[in-house]
Amino acid sequence: MATQALRPCGDFKSSYAADQTIFPTAWSRNFCILGVVLVAAAPFLVDRYVLTLLIQIGYLGIAALGLNILVGFTGQISIGHAVFFGFGGFASCFLNNNAGIPPILSIPLAGLMTTAVGLVFGIPAARLKGLYLAIATLAAQFILLDFFGRAEWFTGGSSGTVADPVSLFGFKFDHDETFLYVVLFYVVVLYVAAANLMRTRDGRALVAVRDYYLAAEMMGVNLTKYRTLSFGISSFYAGIGGALYAHYLGFMSIEGLDISFSIQFLAMIIIGGLGSIMGTLMGTAFMVLLPQGVNFFARSLDGSAIDHALGLHEGLPFLREMTIGAAIILFLIFEPDGLAHRWKQIKAYWKLYPFSY
Amino acid sequence: MDFHLLLQLSMNGIIVGTLYGVVGMCFVLIYKASQIVNFAQGEFLLIGAWVCWWLLTKYQLPFVWGFLVTLAFMMIFGFLLQVIVLRPMIGEPVISVIMMTIGLSIFFQALMKWIFGVLPQPYPPVFAVKSVNVLGLEVQTVYLMAMAVSLVIMVGFAWFFKMSRMGLAMRATSFDQQVAQSLGISVRQVFALSWAISAMVSAVAGVVVGVVNGVSSALSFFGIKVFPAVILGGLDSIVGSVLGGLIIGVLENWAQFFDSQFLKLGNLYEVAPFYVLIVILMIKPYGLFGKRDIERV
């Protein structure tokens, strides 16, 4: 039974290595590699519109993964992820424009700078938990956004700041076709890093803090350290995501960094599945594709009686917002473990097909 | 220093603060009864204000009737919201419940924008005299009404919780759900009722603000501003939320005063409460009147 392709029901692992492996079967590994190869081949297969969506899923997925490490793995709530995303973008532009550091270096550096900011804002996390922390991060969202608005030397104020395209040895990644590879590189590296982080001592400590902080403390886990650390890691991911976003658009402004963007990140990880690394990517894809789906739906009704009755055309932006809210509500009621859980169930259903136990 | 301006702003602060206090009270009511932090509190104001506006302009109802119909509507709305959406969330982790109320907030905010548009709409004039002179300060009549209504609500709350049977049941539930249940109190009923009351009273605040500034989606920002107020007062103290609201309201206006007179930073009015919020959370997270959870974190 225990071939490479199939897994028996129940846990029959006989070594720690088997328990900790990222890919439980050869198939799951091959599928992941296939996915990366397919995305890498995408510029030759699909049109630019799809590429834009893929790039969007990429940089948002990186930032969302950071939030999932914080919320899903460590159990700390943050309602201010968008400002860290924004900080990464501004930091990278700032380094690039003022210090002349090329974007290829300024992106990781921006990640580190955002980590520092995240660590500072993580200090309250050492004292607060649960909903108090949620409210503190809500305040951080408003305070940092206000700071962005004021600090013209850093962000260019309300007019925003420009960002150079990423270039390596004179080759410019300034088109969707080429920038996709930059994003893909970061997605692969950071997702593998996160998967590995969860296998280490530190990663397990984070999960222990989430599951029961008192028990974790009894076991010798330094709560203050790990709570702050998870804020740092989460900000690092957000910063990288934001920096990629800035260099992709070639422009960064405070527009769009408001609280609804933070909520979208939360929606991604709730829909994808809290505490699931692949789920984060699924949730991000869902949230990126959802507005497109709504657009498509509205277009297909164009000119019909329903369109006239509801005024779909004028209401389209609101309809998109509503579907985001509705998606969060419906997922929480009907699928609180997210798409990752559903995916597992689908796999299990086919694997065990006639006898589902 | 412009003392007249300072006085005027302090007056505004007290009036806006009472409104924060009322919304904070509703927020605390839900938190006390069902341990849910309601991020959709601002949307209650928004929905109430829009519904009342719609009744007044579309059906030309007199203000009193429109207001009463709105209250009845909001009561049913709050009740249904709890029964349909929040009841399945009992026993779920904090993050899920918070996300649920955030989801509701996005949903209703967008829905209201879709139905009523994004432009602020003025209420038809409610009072014949627009503003009156109190101690040498111009005060809008509506604001005076707001003060009066808020005070009535606060007294009503006090009476409800001290004297009425249902109020006692609610206090018992917030003290300990299991004990209350074992004494024959229907905890489900208490939860639903607390949401109904909260929605209804928030709508009162929504209508008042709507009459003053016109209705627009900016109303839902009250739901965010209420956080500094309730944290300052203590998340589970109704008296605290009223005081917290007053303090935040005054503070906000003083921040505006100092900003306009000395600092010239602009926009301080909006952010100042959040700085206060962070400071309170750092030094006194259970607020001025909150129950102190003795627990080392």
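The numbers here are math on the coordinates, done by the rules we state, and not lab data. What you see is a predicted model, and the numbers here were worked out from it, not measured in a lab. FYI the Cβ positions are ideal-geometry reconstructions off the backbone, even for glycines, and counts take in every protein chain you see.
A few notes on this one:
- Cα gyration tensor shape for chain B, rounded if a/c is under 1.5, else prolate or oblate: oblate
- Cα Rg, Dmax (largest Cα-Cα span) when computed across the stretch B:89-234, Å: 18.9, 57
- Shape of the stretch B:1-93, Cα gyration tensor, a/c cut at 1.5: oblate
- Mean partner shielding of peptide A:318-329, defined as the number of other chain Cβ atoms within 10 Å of each residue Cβ, is 6.
- Shape category assigned to the stretch A:1-155 from the gyration tensor of Cα positions, a/c cut at 1.5: oblate
- Peptides B:62-69, A:37-44, A:118-125 ordered by average Cβ neighbours within 10 Å, highest first: A:118-125, B:62-69, A:37-44
- Given A:LYS225/A:LYS344; A:LYS13/A:LYS344; A:LYS13/A:LYS351, the pairs whose alpha carbons are separated by over 22 Å: A:LYS225/A:LYS344
- Its Cα gyration tensor gives the stretch A:259-357 an equivalent ellipsoid. The semi-axes, each the square root of 5 times an eigenvalue, are 31, 18, 10 Å from largest down.
- In terms of Cα atoms, the Rg and Dmax of the stretch A:128-227 work out to 20.2, 55 Å.
- Relative exposure of A:GLU335, B:GLU252, B:GLU43, judged by other C-beta atoms within 10 Å (fewest first): A:GLU335, B:GLU252, B:GLU43
- Charged side chains reduced to their Cβ positions (Lys and Arg at +1, Asp and Glu at -1) give the stretch A:147-248 a dipole of some 500 debye around its Cα centre.
- Top of A:ALA215, A:ALA82, A:ALA139 by mean-square fluctuation, Gaussian network on chain A, Cα under 10 Å: A:ALA215
- Near B:GLU252: Cβ cut-off under 9 Å, other residues only, Lys/Arg at +1 and Asp/Glu at -1. The net charge is 0.
- Largest mean-square fluctuation among B:VAL208, B:VAL37, B:VAL155, in a Gaussian network model of chain B whose springs join Cα atoms under 10 Å apart, belongs to B:VAL155.
- Karplus (6.51, -1.76, 1.60) ³J(HN,Hα), θ = phi - 60°, over the stretch A:235-246, in Hz, Gly and Pro reported as x: 5, 4, 4, 4, x, 4, x, x, 5, 4, 4, 4
- Inter-chain neighbour count for A:140-146: the average number of beta-carbon atoms from partner chains within 10 Å of each residue's beta-carbon is 4.
- Relative protection proxy for A:254-262, B:233-241, from highest mean packing down: B:233-241, A:254-262 (other beta-carbon atoms within 10 angstrom).
- With K and R counted +1 and D and E -1, the other residues having a Cβ less than 12 Å from that of B:ALA110 yield a net charge of 0.
- Net charge over other residues, Cβ less than 13 angstrom from the Cβ of B:MET25 (K, R count +1; D, E count -1): 0
- The dipole here belongs to the stretch A:1-131: it is taken about the Cα centre, uses +1 on the Cβ of Lys and Arg and -1 on the Cβ of Asp and Glu, and is about 160 debye.
- Cα-centred dipole magnitude for the stretch A:37-257, charges only on beta-carbon of K, R (+1) and D, E (-1), debye, nearest 20: 780 debye
- Exercise: per-residue mean of other protein chain Cβ atoms within 10 Å, A:253-261: 1
- Distance cut-off 20 Å, percentage of C-alpha pairs in the stretch A:180-310 lying past it: 60 percent
- Placing unit charges on each Cβ (+1 for Lys and Arg, -1 for Asp and Glu) gives the protein assembly as shown a dipole about its Cα centre, and among B:GLY234, B:SER164, A:THR155 the Cα reaching farthest toward its positive end belongs to B:SER164.
- Evaluated at q = 0.05, 0.09 Å⁻¹: base-10 log I(q)/I(0), Debye formula over Cα of the protein assembly as shown: -0.25, -0.82
- For the stretch B:109-124, putting each phi into the Karplus relation 6.51 cos²θ - 1.76 cosθ + 1.60 with θ = phi - 60° gives couplings of 4, 5, 4, 5, 5, 5, 6, 9, x, 9, 6, x, 10, x, 6, x Hz, in residue order, rounded to whole numbers and with x for Gly and Pro.
- Per residue, the convex hull spanned by the alpha carbons of chain A comes to 177 Å³.
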